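The values are calculated or read from the model by the stated rules, or taken from the named source; none is laboratory data. A quick note: this is a predicted structure, and the numbers were derived from the prediction, not measured. No Cβ is skipped: glycine too gets one built from the backbone with ideal geometry, and neighbour counts run over all protein chains shown. Ligands, DNA and RNA are stripped out before the accessible areas are found, and what is left, the full protein with its side chains, is counted by its heavy atoms. Shrake-Rupley method; radii C 1.70, N 1.55, O 1.52, S 1.80 Å.
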Amino acid sequence: MPNDYIHIILADDDEDDRLFFTDAFDELNMSTKVNTFNDGVELMDYLLCEEAILPQVLFLDLNMPKKNGIECLNEIKSNSKMADIAIAIYSTSASEEDIEETFVLGANIYIKKPSSFKQLKKVLSEVVSMNWQYHTNGLNKDNFLMRL
């Protein structure tokens, strides 16, 4: 695992959201490498590839074509090779059902997509600098949903 940067992946079918996401990291003064995928099938093909460099943090949209975020989350959590990936659900949905389901399935945090670029940068900075080992030790539903 590389130590000189934080490897981040975003799986999101919305082209604008992918662009804002990468632009936000470009503006943040953090040592990151960001890869994006258009849908869940592309994401899982990459993650299951033998040579894949697994991310430290995976931002996963729920509503994607071909394979949605819930299906990806299930596959990732059932594969021991990917056990150490911190998974941030990154969705426009704030439905209690989605929050509950992703919590139960083992996601690490739930983020409702911010409405401004400034908020996006703040959220991404907080998530990437989070001590995941500490955060997931005492995980409960109250600290699962990241509020702005």
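How charged is the neighbourhood of residue 81? Take every other residue with its Cβ under 12 Å from the Cβ of residue 81, and add Lys/Arg as +1 and Asp/Glu as -1.
Computed value for this residue: -2.
Counting only helical runs of four or more DSSP H residues, what would the 222 nm mean residue ellipticity of the chain come to if each run contributes -39,500 (n - 2.57) and the total is spread over all its residues?
The per-residue figure over the chain is -12000 deg cm²/dmol.
For the chain, modelled as a Gaussian network with Cα springs under 10 Å, which listed residue fluctuates most, 79, 38, 108?
Most flexible of the set in this elastic network: 79.
How much of the accessible area of region 1-119, in percent, comes from carbon and sulfur atoms when a 1.4 Å probe is used?
C and S atoms contribute 47 percent here.
Can you list, largest first and rounded to whole Å, the semi-axes you get for the chain by taking the square root of 5 times each eigenvalue of its Cα gyration tensor?
Working from the Cα gyration tensor, I get semi-axes of 19, 19, 17 Å.
How large is ³J(HN,Hα) for each residue in region 9-20, as worked out from phi by the Karplus curve 6.51 cos²θ - 1.76 cosθ + 1.60 (θ = phi - 60°), to whole Hz, x for Gly and Pro?
Computed from phi, the couplings for region 9-20 are 10, 10, 10, 7, 7, 8, 4, 4, 4, 5, 5, 4 Hz.
Go through region 26-93 and name the GluC sites (Glu not before Pro) that are in a DSSP coil and have 16 or fewer other Cβ atoms within 10 Å of their Cβ. Numbers along the way, then the final one.
Working: sites: 27, 42, 50, 51, 71, 75; in loops: 50, 51.
Counting only loop positions with at most 16 other Cβ atoms within 10 Å, the GluC sites (Glu not before Pro) in region 26-93 are 50, 51.
Quick query: amide H of residue 35 versus all other amide H atoms, modeled in the peptide plane; which residues come in under 5 Å with a sequence gap of 5 or more or a different chain?
The answer is 8, 9, 10.
Classify region 1-86 as rounded, prolate or oblate from the Cα gyration tensor: take a ≥ b ≥ c as the square roots of its eigenvalues, call it rounded if a/c is under 1.5, otherwise prolate when a/b beats b/c and oblate if not. Intermediate results must be reported in sequence, preceding the final value.
Working: a/c = 2.12, a/b = 1.14, b/c = 1.87.
In terms of gyration-tensor shape, oblate.
Could you give the accessible area per residue of the chain, probe 1.4 Å, as a whole number in Å²?
Here the per-residue accessible area is 53 Å².
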